[in-house]
Amino acid sequence: MLNDRKNPKVDCIAQINDNCPMMNKDYLSAMGIPLWTSRSRVNPTDIIFLGDALDHRAELLFSAMLNAIDLKRDNIAILNASRLDHKPIATPPTLWVALGKAAGQSLLKTQNTLDEMRGKWHSYSNIPLRVTYHPTDLLQNPQNKRKALQDLQNIQLKSQEM
């Protein structure tokens, strides 16, 4: 089924659209974004993660975080929130996840602290948005891992509801 919103798994990040500069194959490949090329076999993305790039240690932690909610790192990408800037997404997600204070502030157009933004649902482009810790922040402040896990569990529950 092409648009199965009950599946919390993230199978792709963008559908190729050569008519749209931000969604053409060359641009997406250069950005390291997995491509969705088969309309009959792959479901559109349910969750899009937004935040800064990850170094090796943060990448390992992010993979572990995703595994905790039954997602596989190979199936998702992190888009830079500051570059999203009203760029078209071929298939809108059912959920946005902002990783870190900068991504949350950029999407919500606020100067609130991370603690003020996380722990509740917001809306971005009429789609639910959850703000949580960036994996790099968690490496520097491991005492926040429990809160990040709670955020991820809420994201998993919300994705199953939709």
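Taking 7 Å steps out from each Cα toward its Cβ at Leu157 and Ile127 produces label points 2.3 nm apart. Each Lys or Arg adds one and each Asp or Glu takes one away; over the other residues whose Cβ falls under 11 Å from the Cβ of Lys158, this sums to -2. The modelled label-to-label distance between Asp55 and Asn67, using points 7 Å beyond Cα along the C-beta direction, is 2.2 nm.
Annotation: for a label point projected 7 angstrom from Cα along Cα→Cβ of Gln150, residues of the stretch 103-119 with backbone N closer than 14 Å are 115-119.
Only the coordinates and a few stated rules stand behind these numbers; no lab work does. Fair warning: this is a prediction, and the values are worked out from it, not measured in the lab. Note: ideal-geometry Cβ built from the backbone for every residue, glycine included; neighbour counts use all protein chains shown.
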